[in-house]
Every structure is written in structure tokens, then in C-alpha cells.
Amino acid sequence: RDSTKASRVLCDGMSCMDRRQPPCTKDAELACNPSEVFTWKLMLSNCEAFQSRILILKICFHLDGWKVHAATAENEAAEEEEAQAALDQVPSEQSRGKVLRGMDAWNAVHSPPTPEVLQGPARETDQSEADMQHVIRWVRSRPLCRDTQVPKEEDAPEDLLHQVRWIEHVEYPPTHGDDTDDDDEHATGKFLVGCVVRLSGRNCLRSPDAWSVQFIDELQTDESERHASVETKKVVVPSQAVMHAITDVLDAEGVVQEMKEIQDVMLKTGDILCSPHDMRDMEVKEVVKILRSKDAQVSYPKTLIFLPSLQVFDVKVVESGPYTDVHRHFSGFLGGDAVDGKILRPS
């Protein structure tokens, strides 16, 4: 089955019809019977499906921006350890001078080691999970996502990509003895991520490889833009109205979804909200929920810190194929309570 050929046949079928879009007025509805409307919509949905490709990418990020994320995560972990140590100290002080008897004495002698004692694979696993979370948050920023509701300018350059949707899943690439990829001292390790790219109509049929070149070129950040985006951003929020202007562009995970200037600070797509100092014990999801609420008791002014989005150092397409062959393994296109219709998830 050739998805490119199928897409071409469907495009030709739509061209044979007098209308290139379903009727939207009462007069047009009278001139077009239900069978024609159904046929047109069926061809359109199938054409869009056959124009979609799933990509598996091997990707790494600039190390300077990555270190900002890692340092913030380490600081948060250190604060949590200090808070936990303070809580643990209270019962230990209260128990001073007491003689342990029976099962209490047995548990005191045979208690498992504290988390601080754990070394080796357990600690490496924690670090791997933290690294993957950095990449997951980058995926949630939806790089290259198009706003298809905004009409394009007539003199705009030809866009071979109609839409890009990312899969909320990250893996480490398998290691092989003959792997020739060289690690760069300015780049992170490599990760595997996936996305679905819907191509723009007949443009992709004329030049099968041009769209992948455009995709990679857009994904790799310009050097001048990258150097301007490696520092944390500090926004002093004076009121609830300004706070809601910020939360309007955040997703549930605190990732900025569209560019917006707030208090002379430019928040860019992919910037990530950190939990405020007085809300450090909360998950970012809870923080965003509270900041969005009109009834929440939030004191102003409040300082918010945003991490810059990770910047792509290098990306390679490892695998590519028709999305129609694997669509049953993913969910999220239609949206719902758990997804917003812009991020796919393995089903």
C-alpha cells in the first residue's frame, strides 16, 4: 500500500468535484445533496490521514540550556531534602532519653538504610527519569506546531508542513558496538522522540524529500536566538488580572503554549513555569490550577520564575512511515479529559 499514491488519488477525486469544501450556506446546501457532502468529507478525512507521516527522531540539546534545567531541579531536590530532614529531626529529638523495648528495639536495629545511603543503580535511575522529564516538558511545548486557524499571507513562503503533533513519550536509543555517533562536548546525550507530521497537500507529492529538510531546519535553533534564551526569566506579577494573562498561555504542566509579553518580559513557546518559593511543596499542576482560580487566596505581588525552553543541538530522522499503518497504537487526536487534542499518547 502506497500512502503517497493513495493521497494523490484522493486529491484528484476531490478536484473532480465542483466544490473543494463542504457547503456552508443554506443556498449551497440546497444545491448539494447529502451523498455528495458525505463523499467529499470522507475523501477529505482519508486524504489527511494518508498525508500524515510518523517520525522517530534521535535528538540532543544544547548543554548550556540543559544545565539551567538540571540546576533548578537539583535546587528543588535539595530544598525538599532539607524540609524532610527538619521533619525527621522532630521525632528523633522527642525520643531522646527513651529506652527502646520489644519490637521498637528490633526495628531500630534492623531498619532499612535511609535514602541518603542509596548509591549506584538506584541513583542513576533517578537521574535518568529526571532527564526524561526535561525532554517530556520540551515535547509538551509542541515545537513547530502550526496555528491553522490563522490565514496565511499571500507572499508567505511555501510551507510543506501543514501540522506537527508530538507523542508524549521519550526513550533512550539502544546502544550498539558499531554506533558511530560522536558525542559533542556542547551537547547532551541523545534521546528518541516521536511526532506525526501532516504534509501540505500536493506540495509533498511534488518533492517527497523537501518537507523533511524543512522540518529539520526549523527544529534546529538559530545560534543568535539560542544565546538569548539560556537564562531564567523573572516576572513580577502585580495583580490577579496579570496572573490570568499568564495562565491563559500555560498548559496544565506549566509549559508556555504561545509567545506573550508580560511586564516587559517575553515568554516564549516552551518556557516552563517553576513552582513559586511559597508553593515549593506543590506539583506544578497544582500550582497552575491555583493560579488560574478566581477564588484562590494568592498574595500579590508574586514573583514567577520561568525556565527557557531546551534548544535542539542536533536531530536525525531514524525511522519514517505512514501514520495510517500505526494509528491504532495512539490516542489524542480528538482530545478529551486527559489530552487537549494537540499531544498524542501511546494507547
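Extending 7 Å from the Cα toward the beta-carbon at both residue 281 and residue 39 defines two label points whose distance is 6.7 nm. With every protein chain in place and a 1.4 angstrom probe, the accessible-area ranking of 323, 172, largest first, reads 172, 323. Model label points for residue 216 and residue 259, set 7 angstrom from Cα along the Cα-to-Cβ axis, are 2.5 nm apart. In this rough spin-label picture, where each label sits 7 Å from Cα along the Cβ direction, the residue 70-residue 319 distance is 2.9 nm. What the Cβ-Cβ distance of residue 46 and residue 331 gives, at R0 = 22 Å and to the nearest 0.05, is a FRET efficiency of 0.65.
The values are calculated or read from the model by the stated rules, or taken from the named source; none is laboratory data. None of these values were measured; they are calculated from a predicted model. Every residue, glycine among them, receives a Cβ derived from its backbone with ideal geometry; neighbour counts consider all protein chains shown. Note: areas computed on protein heavy atoms with side chains; ligands, DNA, RNA excluded. Shrake-Rupley method; radii C 1.70, N 1.55, O 1.52, S 1.80 Å.
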